[in-house]
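Participant: A single structure is presented below for examination.
Values in this text are rule-based calculations from the coordinates and carry no lab data. Everything quoted here is computed from the prediction, not taken from an experiment. We place every Cβ from the backbone using ideal geometry, glycine too, and count neighbours over all the protein chains shown.
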Amino acid sequence: MEELEKRETSRNALWSSAMELARGPNFAVLSTFMPSGRVQSQVMWVDADETALVFNTEVHRKKYRNVSDDPRVTAVVIDHLDPYHYVEVRGRVADVVLGVPAREHIDELSMKYLGDLYPARIISERVILRVVPERIIPGNTE
């Protein structure tokens, strides 16, 4: 029982670190699986709520199609002040959110990263991808 409590405490500490990095002005590399099984990776804006990393994309983009077919992903969130400080989160896209909340969320992310509302033209429809962690691996902690 004591070992289980230690693992849970460690997992909570790792998730707190991941949330802190994701809520800051840091970028993430999101890796998804293409139908061929090859990995596709993109540098993305990232956010976090209490239980998931949160990404925002459009429904016509390959990464959205990839996670619709295979929800397994890996995200590496990198500290913009120290790129040797990062966290890797392996998990699954457990939820997608379309519509007004997704459109509002891209403006929130844009304010965090650019200091202004999202400037790019939206081609299709915005979608939030909520990635629930299954494993959290700390990067360089020295």
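Participant: Just want to confirm a number: the relative contact order over region 2-138, from Cα pairs under 8 angstrom separated by 6+ residues, in percent.
Facilitator: 28 percent
Participant: Return E104, E50 ranked ascending by Cβ neighbour count within 10 Å, so the fewest neighbours appear first.
Facilitator: Neighbour counts put them in this order, fewest first: E50, E104.
Participant: Scan the chain and hand back the longest stretch that contains none of the trypsin sites (Lys or Arg not before Pro) lying in DSSP loops with at most 12 other Cβ atoms within 10 Å.
Facilitator: Answer from the scan: 39-120.
Participant: Using alpha carbon coordinates only, what is the Rg to Rh ratio of the chain, with Rh defined as the Kirkwood radius?
Facilitator: 0.98
Participant: With each label point set 7 Å from Cα along the Cα-Cβ vector, what nm distance links R65 and V96?
Facilitator: Label-label distance for R65 and V96, simple model: 1.2 nm.
Participant: Quick one: angle between helix 2-23 and the longest Cα principal axis of the chain, in degrees between 0 and 90, rounded to 10, please.
Facilitator: 30 degrees
Participant: Could you check the simple spin-label distance between S16 and E104, using points 7 Å along Cα→Cβ, in nm with one decimal?
Facilitator: That separation, rounded to one decimal, is 2.9 nm.
Participant: Using only helices, what value at 222 nm comes out for the chain when you add -39,500 (n - 2.57) per DSSP H run of length 4 or more and divide by the total residues, to the nearest 500 deg cm²/dmol? Display every interim value, and only then the final one.
Facilitator: Working: 3 runs with 45 residues, N = 142.
Helix-only estimate at 222 nm: -10500 deg cm²/dmol.
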